[in-house]
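The values are calculated or read from the model by the stated rules, or taken from the named source; none is laboratory data. Since the structure is predicted, the reported quantities are computational estimates derived from the model, not experimental observations. Quick reminder, even Gly has a Cβ in these numbers, built from the backbone with ideal geometry, and neighbours come from all protein chains shown. Surface accessibility is based on the protein's heavy atoms, side chains included, excluding ligands, DNA and RNA. Shrake-Rupley method; radii C 1.70, N 1.55, O 1.52, S 1.80 Å.
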Amino acid sequence: MALHHGSRVAEQLKIRGDACSFVCIGRWLLMRHLGYNRRLRQGWQRLVAIGIVDGISTVTASLGSKVQTLALLAFVTRAHGVDGVGEAILAISAALLLVAIADMGLSPQVMRLFAQQVLWDRRLIVRPLLWRAAILAPLSLAATAISLDGGIQSGQYLIWSCAIFLYAIGYQSSMTTTQLAYGVGRFKQAAALNGSLRAASVVLLVVLAVLEAGVVDFVIALSVIEILIAGFQYGMIPRSADKQEAAARATLRLAKVWKYGTGSIANTVMNRSDAVVVSLVASAGVIGVYGLASQVENALTTAALIPAGAVIAYTAKATTRAEEREIGRISARFVGVGYCLLATPFLFFTEFFVLLIFGTRISDPLPFQICIIAGLFSCLGGVGMQQLTGRGSASEVAKVWSFTAVFAVVGLLIGAGLWGALGASVAALARDVFFWGATKIASKRPGPVLEASGKIMELK
């Protein structure tokens, strides 16, 4: 009887022990779940604090722009061949170069000053834009004569000049109003408007392709879209009841922004108008192949740089150097990993993607693959440059862009002149490595002093 009672007690103790074990396991799983959620929430809050989430919210603008560009190149390549797409790339590249020259640092300064709330009245950008429109008119005539005069048919000089001017003024206006919207914190709204209108423009391009329109008609169509984006985006920003004084308007004058402008010009020569440089020493076929390779790199870098879309604004608002460094470090990690994930399929299946996107077969995929590798360094250098701009390190920005631009132009002229598209691609790789190294060196130098209020002091 005692033995039976002892076995019952042992059985009950075992049941209780099992129950305790289940309770302990359940408690451990619950605590782990709560801890995981806490870490996840803290990680998300940190990404919000340093601007990664706001940067990602600009995805629609970036993807819309790239969809538009790739659609243009695909339709023009199918309708007019490699020579035709070379002509389109030259026209748009020339317009973008003119925008960089006319803008002269206005757009990044608008974003920085509105983010710091030094400026708050949207009307302040109207007069600078009108001045830039006046500058772009004669520049467009000159650009057409230099870049396209040998390739266009007689009697089309004026219409090509008008197309380049319209695209330049449209892009200048849309770029400035986008930076204004980002500066006042309207990342999602501006990106949605930007991206949706650019993506919708693909329908217009399809219509032009069906009608067998000329290359110049495609460029004019894109110009109309850019002007619409600028108008809608400006109207989206609330009008300030208080008109800012002349001292505020002076912050957007050429004397205050020109140092940032050297960077824009150099960046455009390096990454967006490099086809203009190549055209000085190469044939239309070489321009077409290198232009397509460069556009593939540009599309991948634009997509990878999406998480860094708010780096300038958040760096401008940073209150300590440690906070600045964290913004740069985490942004660079997101961008670098993102680029590798995006670029790897294009690197190993280059011919398939070129045929799929552009509808043309290439004899040598190497120029494309070299440009794709170069894009990684371009991305990382781009994050560093945005941080320098956000810090207000205008002198460092100007130096990095100037030295890189000279290096890029010399390399492209030599590479394209001697070895065609392959040589130009190697020069592009050397250029992007140089750019990344220059931004790393410049970022280690002391920048403007941080005030107690958390605002970066204006450069005198």
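Computed values, structure above
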item: Accessible-area order (highest first, 1.4 angstrom probe) of the listed residues Tyr314, Tyr339; result: Tyr314, Tyr339
item: Per residue Cα convex hull volume in Å³ - calculated over segment 314-425; result: 107
item: Calculated FRET value between Ile146 and Val406, using beta carbons and R₀ = 22 Å, to 0.05; result: 0.70
item: FRET efficiency estimate (nearest 0.05) - Cβ-Cβ, Val126 to Leu211, R0 35 angstrom; result: 0.45
item: Cα-projected label distance for Phe352 with Thr320, points at 7 Å along beta-carbon direction, nm; result: 4.9
item: Accessible heavy-atom area order of Met175, Met111, highest first, probe of 1.4 Å; result: Met175, Met111
